[in-house]
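Notes to accompany the following structure.
The values are calculated or read from the model by the stated rules, or taken from the named source; none is laboratory data. Given the structure is predicted, the values throughout are model-derived calculations rather than measurements. Cβ: placed from backbone, ideal geometry, glycine included. Neighbour counts: every protein chain shown.
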Amino acid sequence: MTRFDHRRYRPSPAMAMPDRQWPNRIVEQAPRWASVDLRDGNQALLEPMDVAHKQRLWRLLVKLGFKEIEVGFPAASQPDYDFVRWLIAHDEIPEDVTIQVLVQAREALVERTFEALAGAPRAIVHVYNSTSPVQRERVFGRDRAGVIEIARDGARLLREAAARHPETRWTFEYSPESFTATEPDYALEVCEAVLAEWAPTVDRPCIINLPATVEVASPNVFADQVEYISTRLSRREAVVLSVHPHNDRGGGVAAAELALLAGADRVEGTLFGNGERTGNADLLTLAMNLYSQGIDPQLDLSDPAEIVAVCTECTGLPVHPRHPWFGELVYTAFSGSHQDAIRKCLARQRPDAPWDVAYLPIDPQDLGRDYRAVIRVNSQSGKGGVAFVLEQDYGLRLPRWLQVEFAQVVQRESERHGGALAAATLYALFREHYLREQGPTRLIGYQLDHPGQDRVEARIDAGEGEQRWCGEGEGTIAAFVDACARRFDRSLRVRDYQEHALDGGTEAEAVAYVQLEVDGVPVSGVATDRDTVTASLRAVLQALNRAALARAEAA
Ligand SMILES: CC(=O)SCCNC(=O)CCNC(=O)[C@H](O)C(C)(C)COP(=O)(O)OP(=O)(O)OC[C@H]1O[C@@H](n2cnc3c(N)ncnc32)[C@H](O)[C@@H]1OP(=O)(O)O
Ligand SMILES: CC(C)C(=O)C(=O)O
């Protein structure tokens, strides 16, 4: 037997659910969100938050729009107790927000919990005990009936303590901890025992929370378990059915989504999924998943920079650059075909039309992302990406043939350099290749014959004093090319010519791109100038100079 031996493990028991309904449903609205950042998230930190950090994260959660926030386990630690007291004493709880606290089903802890909550306008008290076979047998040393007894006692302790403090509006929550590893019929029995103790009504509902304390199976199995409970619970209309998925198999978000199909009304989780082991269900991802389907997530997530800053400061944990929706790189395409598709789609996306851009499930600007970050160029990139960056940052709209040609230059450079090339580097490369004067021949001035402008007389410095080059043709470019052809006795033909203004306004600099055929060989010329005609004539000269240089290098 080797150390890495799968035979040590057993599959989690399958559930027979021939009548399952959840696969036929779709989610149409946001669930009730409950943040457990300040409790489950906090208990998973190497260094739990002090009161100041809890205050900071609390304010963020309120600002984002959470209405139910588990603020701690006040019977377990003094900072948690102090934080609850601070919230109440400083009137920090908005009227539409309810704080929630966790406690074990143990009398002394329940007493201390209600002491911490004294004076709260409203509160959810969340009691739990573990129910799975391994916990029953190995941790509690109790049989099924014995563990039901713990749950019932816990429920009773809450009811009695609440009755002694009628000034607060109480909501009770019960979690059969380790639910996913508990026999479903038994989990139902435990929950029924708790409900019998609390006797919730439609007006005074309670919360039954089904935790995937450890995620032991795929999300569809969790959905079956949730539907099993949801469809069999008595007083279902008086119960808010909540789920609390963890992420041990990486399926925390999927489990929450399928649980909503299966009947859950509420989801407990954390920002960025921070929590025990591999974490909790990530509420940001869940909310953004809804948002991207056109469903109001009921949370305002429009300022990711603040969310990331507060979370990383309070938890000490970084946000992965590829974290769904919020990671630094998630709207950035490096690969050529993606960049090409994004550039084309963005160019065709009307502001008032539904979003329809390949590779971008939402408009990155919704989350404050600049389009500049959408495309970054490295050795995997193609012409589309390069063209996008030059247009976005420098206003250069390269013709297709020039995109193809310049992409090869960029490819060589990025292979040499390794990693991504900054926009400034791309522009420097472009200048070096196309805009730097590449030969002795320079345009000094020109004169056009009006009105047809089909005759041009150009004053040229070819390194041997000023010369006058004359040519004729249909339009200025053709006339100038004719002048050049006469001068050099070469066959010249304009394959393509394009120009555009670089900035708006009358003082705009123009850029001209010309693809010339010199003795049958295509060569590109690019030039900028305040005057469009000057730019175009200079572009032709650039092409000729570049052709001469290429011939000299080849010789
Ligand atoms: C899945 C979750 O995230 S659950 C939440 C986990 N969070 C925490 O535990 C918060 C931090 N906890 C603590 O600081 C401590 O555990 C305290 C203060 C709550 C309790 O402290 P202690 O009583 O000293 O210690 P400890 O937790 O080891 O006690 C476990 C005892 O409680 C019992 N117990 C554990 N959970 C529960 C429960 N939910 N309900 C009733 N009894 C429980 C255990 O069986 C054990 O009993 P035993 O002493 O008879 O063997
Ligand atoms: C207390 C419960 C809800 C919990 O945190 C868990 O089971 O993960």
Looking only at residues in region 61-82 that are closer than 23 Å to Val267 by Cβ and of a type in the set (A, V, I, L, M, F, W, C), which one is farthest from the chain's Cα centre (by Cα)?
Phe73
Residue count, region 136-149, condition within 12 Å of Ala105 (Cβ to Cβ) and touching a Ser or Thr at 6+ places or on another chain (Cβ under 9 Å), comes to 3
Hey, among the residues in region 302-325 that are outside the structural domain of Gln43 (by the TED database) and within 16 Å of Asp366 (Cβ to Cβ), which one's nearest to the chain's Cα centre (by Cα)?
Trp325
Checked against (1) at positive phi; (2) within 16 Å of ligand 1 (Cβ to nearest atom), Ala212 satisfies every condition except (1)
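Among Glu197, Glu173, which is the only one that is surrounded by fewer than 22 Cβ atoms within 10 Å (Cβ to Cβ) and more than 12 Å from ligand 1 (Cβ to nearest atom)? Write out each step before concluding.
On the way: Glu173 fails: surrounded by fewer than 22 Cβ atoms within 10 Å (Cβ to Cβ).
It is Glu197.
Here is a list: Ile150, Ile99. Which entry is in contact with a strand residue (DSSP E or B) (Cβ under 7 Å, 6 or more places away or on another chain), away from ligand 1 (no atom under 11 Å from the Cβ), in the same structural domain as Val243 (by the TED database) and β-branched (Val, Ile, Thr)?
That would be Ile99, the only listed residue that is in contact with a strand residue (DSSP E or B) (Cβ under 7 Å, 6 or more places away or on another chain), away from ligand 1 (no atom under 11 Å from the Cβ), in the same structural domain as Val243 (by the TED database) and β-branched (Val, Ile, Thr).
Between Asn129, Asn42, which is in contact with a helix residue (DSSP H, G or I) (Cβ under 9 Å, 6 or more places away or on another chain), within 14 Å of ligand 2 (Cβ to nearest atom), assigned to a helix (DSSP H, G or I) and modelled with pLDDT of 95 or more? Working first, answer last.
Working: Asn129 fails: assigned to a helix (DSSP H, G or I).
Of Asn129, Asn42, the one residue that is in contact with a helix residue (DSSP H, G or I) (Cβ under 9 Å, 6 or more places away or on another chain), within 14 Å of ligand 2 (Cβ to nearest atom), assigned to a helix (DSSP H, G or I) and modelled with pLDDT of 95 or more is Asn42.
Go through region 15-39 residue by residue and tally those that are in contact (Cβ under 8 Å) with a residue 12 or more places away in the chain, outside any loop (DSSP other than H, G, I, E, B) and more than 16 Å from ligand 2 (Cβ to nearest atom). Please lay out each step first, then the result.
So the first thing to find is which residues in region 15-39 are in contact (Cβ under 8 Å) with a residue 12 or more places away in the chain, and the list is 15, 17, 20-23, 25-39.
Add one more test, that the residue is outside any loop (DSSP other than H, G, I, E, B), and what stays is 22-23, 32-35, 37-39.
Those left that are additionally more than 16 Å from ligand 2 (Cβ to nearest atom): 22-23.
Residues flagged as in contact (Cβ under 8 Å) with a residue 12 or more places away in the chain, outside any loop (DSSP other than H, G, I, E, B) and more than 16 Å from ligand 2 (Cβ to nearest atom) within region 15-39 amount to 2.
Starting from residues that are in contact (Cβ under 8 Å) with a residue 60 or more places away in the chain and outside any strand (DSSP E or B), keep the ones in region 522-541 and report whichever is surrounded by the most Cβ atoms within 10 Å (Cβ to Cβ). Spell out how you get there, then give the answer.
First, the residues of region 522-541 that are in contact (Cβ under 8 Å) with a residue 60 or more places away in the chain: 522, 524-528, 533-534, 536-538, 540-541.
Going one step further and asking which of them are outside any strand (DSSP E or B), we end up with 533-534, 536-538, 540-541.
On the way: Val533: 18, Thr534: 17, Ser536: 24, Leu537: 30, Arg538: 23, Val540: 25, Leu541: 23.
Taking the candidates together, the pick is Leu537.
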Tally the residues that are at pLDDT 95 or above, charged (D, E, K, R) and more than 18 Å from Glu517 (Cα to Cα), restricting the search to region 396-414.
1
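Within region 293-311, does at least one residue satisfy the condition of being within 16 Å of ligand 1 (Cβ to nearest atom), surrounded by fewer than 19 Cβ atoms within 10 Å (Cβ to Cβ) and of a type in the set (Asp, Glu)?
To start, the set of residues in region 293-311 that are within 16 Å of ligand 1 (Cβ to nearest atom) comprises none.
Looking for residues that are within 16 Å of ligand 1 (Cβ to nearest atom), surrounded by fewer than 19 Cβ atoms within 10 Å (Cβ to Cβ) and of a type in the set (Asp, Glu), one finds none in region 293-311, hence no.
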Any hit, region 69-79, residues being assigned by the TED database to the domain that holds Ser242, away from ligand 2 (no atom under 15 Å from the Cβ), modelled with pLDDT of 95 or more and of a type in the set (Phe, Trp, Tyr):
no
Considering only region 45-74, state which residues are surrounded by fewer than 18 Cβ atoms within 10 Å (Cβ to Cβ) and either in a loop (DSSP other than H, G, I, E, B) or among the charged types (D, E, K, R) (or both).
Leu45, Leu46, Glu47, Pro48, Asp50, Arg56, Arg59, Lys63, Gly65, Lys67
Would you pick out the residues in region 360-417 that are touching a strand residue (DSSP E or B) at 6+ places or on another chain (Cβ under 7 Å), in contact (Cβ under 8 Å) with a residue 24 or more places away in the chain and in a helix (DSSP H, G or I)?
Gly385, Val386, Phe388, Val389, Trp401, Leu402, Glu405, Val410, Ser414
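I'm trying to understand the selection: among the residues of region 141-173, which are charged (D, E, K, R) and assigned to a loop (DSSP other than H, G, I, E, B)?
The first filter runs over region 141-173 and keeps only residues charged (D, E, K, R), leaving 142-144, 149, 152-153, 156, 159-160, 164, 167, 169, 173.
Matches in region 141-173: Arg142, Asp143, Arg164, Glu167.
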Kindly indicate whether Ala116 is in contact (Cβ under 8 Å) with a residue 40 or more places away in the chain and farther than 17 Å from Arg32 by Cβ.
yes
Sole exception among (1) crowded, with 16+ Cβ neighbours inside 10 Å; (2) more than 35 Å from the chain's Cα centre (by Cα); (3) not acidic (Asp, Glu) for Ala387, by number:
(2)
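Which of the following residues is more than 22 Å from Glu227 (Cα to Cα) and within 15 Å of ligand 1 (Cβ to nearest atom): Ala163, Ala108, Ala123? Lay out the reasoning, then the answer.
Numbers: Ala163 fails: within 15 Å of ligand 1 (Cβ to nearest atom); Ala123 fails: within 15 Å of ligand 1 (Cβ to nearest atom).
The conditions single out Ala108.
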From (1) modelled with pLDDT of 95 or more; (2) more than 22 Å from Tyr394 (Cα to Cα), pick out the condition that doesn't hold for Ala539.
(2)
Can you name the number of the only condition in (1) more than 16 Å from ligand 1 (Cβ to nearest atom); (2) over 19 Å from Cys191 (Cβ atoms); (3) under 24 Å from the mean Cα position of the chain (by Cα); (4) buried (at least 18 other Cβ atoms within 10 Å of the Cβ) that His246 fails?
(1)
Filter region 258-270 down to residues that are surrounded by 24 or more Cβ atoms within 10 Å (Cβ to Cβ) and more than 16 Å from ligand 2 (Cβ to nearest atom) and give me whichever is nearest to Val36 (Cα to Cα).
Leu260
If Ser414 meets every condition in (1) surrounded by 19 or more Cβ atoms within 10 Å (Cβ to Cβ); (2) touching a helix residue (DSSP H, G or I) at 6+ places or on another chain (Cβ under 8 Å) apart from one, which number is that one?
(2)
